[in-house]
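The values are calculated or read from the model by the stated rules, or taken from the named source; none is laboratory data. This one's a predicted model, so the numbers in the text were calculated from it and none came from an experiment. FYI the Cβ positions are ideal-geometry reconstructions off the backbone, even for glycines, and counts take in every protein chain you see. With ligands, DNA and RNA removed, areas are computed over all heavy atoms of the protein, side chains included. Shrake-Rupley method; radii C 1.70, N 1.55, O 1.52, S 1.80 Å.
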Amino acid sequence: MPPTPPSSSLYCPGRRLLPARPASAATVGRWARVSCSLSMNGCAPGAGDRGTVCVREARALPAAPAPQDAVGQLRAAVEALGAGAPPPAPSGIIRIEVPIRQRVDAVEWLHAQSALPRCFFSARAPLPDAPALAGGNGNGGLGDRWKEPVSVAGVGSAVFFRGTEPFSLADWRAIKRFLSRDCPLIRAYGAIRFDTTSDASVEWEDYGSFYFIVPQVEFNELEESSVLAATIAWDDSLSWTWHNAVDDLQSLLQKISPCSVEVNTSSLHTTIMSLNHVPTKASWDLAVTKALHMIKERQRELVKVVLARCSRYITDTCIDPVELLACLKVEGQNAYQFCIQPLNAPAFVGNSPEQLFHRKYLNISSEALAGTRARGKTRADDFQIGQDLLLSSKEDTEFTIVRDSIKKKLEMICDEVVVHPSKALRKLPRVQHLSAQLAARIRNEYDEFEILNTLHPSPAVCGLPTEEARHFIRDYEIFDRGMYAGPVGWFGGAESEFAVGIRSALLGKGHSTLVYAGAGIVEGTNPSFEWDELDLKASQFAKLLRYQEQHIRYQEAENMGTVI
C-alpha cells in the first residue's frame, strides 16, 4: 500500500507547503511588488479556434545609447499611440523595441523592477558536436543566431495563458495565434505542470495546469548590445480592447526603473533556521525498495521510475528570487536559468541542464540526460569519476532507457532522427552526467505540439513505461511536483525552446523555500546512494545558504504543517 501522509502534513487538503499569502497584494521588505492588471487570458474557451489575431507587428525605434534613454523613447511612443486613432482591427499584437548600444545584464535589469508578473529565461551555451541533418536547416538559417537573446527578462503581461485543464492542442493554438515568424521576438514564456492530470496543491494553485505570458515590458540581453521592448495585445472578443491595452501599458511604463541594480552573485546572505525533507529518509528507502521489487518482478512492466524529494528550508530572511537567479547563473553556462512568477504567487526558479526540445523552423533538437556523479576535486580524480560513470552498468541501463525512448518518440513524428554522440559525459560545475544529443526534422510546424506532448514526460524525470511510472509516482510521492520536472521555456513564431524544469525551487513570500530533486530507480539501484544523489543535485541551492548547525532544527514530515 502507498504510504499515508501524516494527518498534520502539509499535503493534506487545505494545508500549505508555503505560508499563506497576505490579504493585501502589497508585502514588505524584499517581497514588496507592484501588481499589474491581469490583462486578458488568451486561453479563454474557444480562443484557439478563432485563427490568428488580425495584426502582428514589430516596430523598431532609433537606437538609444543607454537604457535610461530607451525607457523615455518607449514612453513617448506608447503615449503617441494612445493619443492617436486606434487600429481598425478587432485584435492584434504590436511589439515596439528600442535597440541599446551597450550590453546590459538582464538579471540586473529585472532586479531593479518591482512589477509582477515577471519572467526570465536564459539560453544555454551551444553544445559541441551537436548532430546535423543532411538536408540543411529546415527552411531557416542559423546564421542569425547572433541576434538571439542571451537572456530575456520581462514584467507585466500583454496577454497571459492559463488553464486548469491539461495543456491541449486548443491551448497551443490559442498561444500561437498571437505569434508570427515575422516577429520572432514576440514570445510566450512559461511552464507546464509535470502531471497536468493531478490536482494542484495550494502552493502551485496560481500556476494552473500551465502558465505563459507575453511580457508587457521586456529586456533582451544580446551578445554585444541590448533591446528594451514593450508589447501591446488586444482582442475585443476577449473583452480586452486597444484602449485597455494601451492604458495598462502606459501605467506600467511609469513604474519601470530606467536603471539596473547590481546583484550579489556569491551568496544569499541568509541563514538556514530549519530544514526538512519529504519524504524522510526512512520513507524514501521504503518507496525505492517497493519500486525495485516491482521492477524485478516485472509488475506493471515497470522498468524505471524517477522519484523526487521536496526539501523545505526556513531561513532567517526572505530570499529574493532574482538574487537566487543571479547566483545560479554564475555556474550555469551549460544550463538554462529560468524564473516564472505569476501575480501574487511564489516564484519558480531553476538552473536546468536538460533540454526537452528546441525547434527552429522544421528542425528539432533534443537530448538524453541520465546518470549522475559528483565532480572530482582534482583533474585526475574528476577523470576517474567520469570513467566510472561511463563504465557503470547500472548507470548505462538508466541512460539507455532514456536515450532509446526519446529516439523512439521522435521517430513517431519526424522524418529523420540522428543521434550523436550516442553516449558522452556532460560535465557541469558540481555534477557530471551521461548524455546524448538528438536531431530530427518535423514535417510541418504544426507538429510542434505533438513534439511537446510526446517528449514530456521523458524517462529522465518520470520513468518507463510512462503511464506505469506516473501511476507509481502518484501512489508513492506525497507532495505535488507542480512545475518541477515539467516543460519550462517559450513558444515563438519561427522558434520555440523548452528545458526540463529540474534543479529548481519554489520561493514563497515568507521565509520558506522548497527545493526539488529527483533520482532514477532501475534494477541495481541502492536507496542510500540515490538519497546522496538528491543531496548532490540540491547542493547548488544549499551552498548559497549559511548553515548554523547548532541552531538548525531538523523536522520530520508530521511537523511540516507549522508555519515558522
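If we only count strands (runs of 3 or more DSSP E) wholly inside the range 322-402, which ones have 1 or more residues that are among the hydroxyl-bearing types (Ser, Thr, Tyr)? Write out each step before concluding.
Details: elements: 336-341, 347-352, 355-360, 363-374.
Fully inside the range 322-402 and qualifying: 336-341, 347-352, 363-374.
From 400, 372, grab the single residue that is under 22 Å from residue 534 (Cα atoms) and free of Cβ contacts under 8 Å to residues at least 24 places away in the same chain. Write out each step before concluding.
Working: 372 fails: free of Cβ contacts under 8 Å to residues at least 24 places away in the same chain.
Selected residue: 400, the only one of 400, 372 that is under 22 Å from residue 534 (Cα atoms) and free of Cβ contacts under 8 Å to residues at least 24 places away in the same chain.
Within the range 216-234, is there a residue that is surrounded by 20 or more Cβ atoms within 10 Å (Cβ to Cβ) and outside any strand (DSSP E or B)? I'd like the intermediate steps shown before the answer.
Filtering the range 216-234 for residues surrounded by 20 or more Cβ atoms within 10 Å (Cβ to Cβ) gives 216-221, 226-234.
From what's left, outside any strand (DSSP E or B): 216.
Yes, the range 216-234 has at least one match.
Looking only at the range 383-423, count how many residues are over 22 Å from residue 454 (Cα atoms) and surrounded by fewer than 16 Cβ atoms within 10 Å (Cβ to Cβ).
Of the residues in the range 383-423, 9 are over 22 Å from residue 454 (Cα atoms) and surrounded by fewer than 16 Cβ atoms within 10 Å (Cβ to Cβ).
For the range 199-226, how many residues meet the condition of being under 13 Å from residue 348 (Cα atoms) and of a type in the set (Asp, Glu)?
Qualifying residue count for the region: 3.
Of all residues in the range 255-289, count the ones that are at pLDDT below 95 and over 25 Å from residue 323 (Cβ atoms).
The number of residues fulfilling the criteria is 0.
When you check residue 77 against the structure, is it within 30 Å of residue 242 (Cα to Cα) and either out of contact with any helix residue (DSSP H, G or I) (no Cβ under 7 Å at 6 or more places or on another chain) or at pLDDT 85 or above (or both), yes or no?
Values: within 30 Å of residue 242 (Cα to Cα): yes; either out of contact with any helix residue (DSSP H, G or I) (no Cβ under 7 Å at 6 or more places or on another chain) or at pLDDT 85 or above (or both): yes.
Taking the combined requirement at face value, the residue satisfies it.
Within the group 451, 478, 521, which residue is among the β-branched types (Val, Ile, Thr) and open to solvent by 10 Å² or more (accessible area, probe 1.4 Å)?
Working: 451 fails: open to solvent by 10 Å² or more (accessible area, probe 1.4 Å); 521 fails: open to solvent by 10 Å² or more (accessible area, probe 1.4 Å).
Step by step, each of 451, 478, 521 is checked, and only 478 is among the β-branched types (Val, Ile, Thr) and open to solvent by 10 Å² or more (accessible area, probe 1.4 Å).
Of the numbered conditions (1) at pLDDT 90 or above; (2) open to solvent by 70 Å² or more (accessible area, probe 1.4 Å); (3) in a loop (DSSP other than H, G, I, E, B), residue 21 satisfies every one except a single condition; which is it?
Here residue 21 meets the rest and fails (1).
Just one of 125, 134 is at pLDDT 65 or above and not in a strand (DSSP E or B); which is it? Let's see the steps before the verdict.
Details: 134 fails: at pLDDT 65 or above.
Result of the check over 125, 134: 125.
Give the range 235-261 a look and list any residue that's within 21 Å of residue 64 (Cα to Cα) and outside any helix (DSSP H, G or I), or say none. Outline the logic, then answer.
First, pick out the residues of the range 235-261 that are within 21 Å of residue 64 (Cα to Cα): 249-250, 252-261.
Residues satisfying the conditions are 254, 255, 256, 257, 258, 259, 260, 261.
Hey, can you tell me all the residues within the range 454-496 that are under 17 Å from residue 403 (Cα atoms) and among the polar types (S, T, N, Q)?
The answer is 454, 458, 466.
Contact list please: Cβ distance under 9 Å, first residue in the range 239-263 and in contact (Cβ under 8 Å) with a residue 12 or more places away in the chain and on the phi > 0 side of the Ramachandran plot, second residue in a loop (DSSP other than H, G, I, E, B) and surrounded by fewer than 20 Cβ atoms within 10 Å (Cβ to Cβ), pairs at least six apart or on different chains.
239/44
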